[in-house]
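First the structure, in the form of structure tokens, and then the observations on it.
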Amino acid sequence: MSEQQKSALIVGASRGLGLGLVETFAGRGWRVTATQRSPSPGLARLASDSVRVETVDIDDDSAVATLRDRLGGETFDLIFVVAGVATQAHEPLHAVPRAVAAQVYLTNAVSPIRLAEAFRESVRPGGTLALMSSVLGSVALNESGGWETYRASKAALNTYARSFEIRHRDAGLGVLLMHPGWVRTDMGGAEADIDVATSVAGMADVIEGRLGRSGVAYLDYRGETLAW
Ligand SMILES: NC(=O)c1ccc[n+]([C@@H]2O[C@H](COP(=O)([O-])OP(=O)(O)OC[C@H]3O[C@@H](n4cnc5c(N)ncnc54)[C@H](OP(=O)(O)O)[C@@H]3O)[C@@H](O)[C@H]2O)c1
């Protein structure tokens, strides 16, 4: 690995946007550690000297700790938690079983921040912690309703991320809450606006352009700031 080679840990990379981010960063010369929950054919195809595949379920704190220990003292320019779920997202809160609503909250809001806390010292000085949010996490921009449990979970993620950044401000890391656009993935569906390649190229541009900047920002894949 050359001294200048950037490195990323991309969590939740078995398919969709995570897989696309792995391919894009590796294509830009980064060394990438990518995680899956179970064997991913897409990641198996990308595995190489510059793409290492690890396994973790972000809802499992002990698995997160085991991954951190396995990676030892390795540090990254970017840690990007992409994993997320949208279970029964089309139904209003009152129609969703409590356990389902709670699980969406845990996976989308609690687990990414707990992972960030566990890996905080694995972000290099001047590095970036990115968390996959959504425009649907914006309270201010919610003028159409719908996607209630999902919206609330991403709004909670935004809130936790701001507190995380304040708690660790002395460390000088950059915290990015990213909206990838409405993207054609299993979650986004076939009618979505843009393809994975467009979204991940935009997010990679935004991230590369902000390396070394501290503070917290809520941005879309074109680098536009979103209202909280
Ligand atoms: N697509 C869009 O239009 C859109 C818009 C805004 C935000 N987002 C956000 O972007 C992220 C990726 O979405 P996507 O469209 O690529 O969705 P996707 O195709 O459904 O992929 C979701 C990914 O998250 C992983 N994952 C889910 N729960 C996990 C857990 N507990 N631990 C580890 N990995 C887990 C999945 O792994 P498995 O393969 O093991 O299930 C999969 O790799 C999500 O956070 C989503 O909310 C997407």
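The values are calculated or read from the model by the stated rules, or taken from the named source; none is laboratory data. None of these values were measured; they are calculated from a predicted model. Glycine also receives a Cβ, built like all others from the backbone with ideal geometry; neighbour counts cover every protein chain displayed. When the accessible area is computed, the model is the full protein with side chains, heavy atoms only, and any ligands, DNA or RNA have been set aside. Shrake-Rupley method; radii C 1.70, N 1.55, O 1.52, S 1.80 Å.
Worth pointing out:
- Ordered by solvent-accessible area of protein heavy atoms (1.4 Å probe), largest first, the residues R120, R184, R37 come out as R37, R184, R120.
- Contact order relative to length of the chain, as percent, for alpha carbon pairs under 8 angstrom and 6 or more apart: 19
- What the Cβ-Cβ distance of W182 and H94 gives, at R0 = 22 Å and to the nearest 0.05, is a FRET efficiency of 0.30.
- Using C-alpha pairs below 8 Å separated by at least 6 residues, the relative contact order for the stretch 1-74 is 26 percent.
- Accessible area in square angstrom per residue, the chain, 1.4 angstrom probe: 47
- Shown here for the stretch 51-142: GluC sites (Glu not before Pro) in loop regions (DSSP other than H, G, I, E, B) with at most 16 other Cβ atoms within 10 Å, namely E74.
- Share of carbon and sulfur in the accessible heavy-atom surface of the stretch 79-203 [1.4 Å probe, %]: 55
- Between D193 and E54, the FRET efficiency estimated from the beta carbon spacing at R0 = 30 angstrom works out to 0.45.
- Helices in the chain, meaning DSSP H runs of at least 4 residues, each add -39500 (n - 2.57). Divided by all residues, the mean residue ellipticity at 222 nm is -10500 deg cm²/dmol.
- Here the Debye sum runs over all C-alpha atoms of the chain as equal scatterers in vacuum, and log10 of I(q)/I(0) at q = 0.11, 0.16, 0.18 Å⁻¹ comes out as -0.50, -1.12, -1.47.
- Protein-only accessible surface order, largest first, of H168, H94 at 1.4 Å: H94, H168
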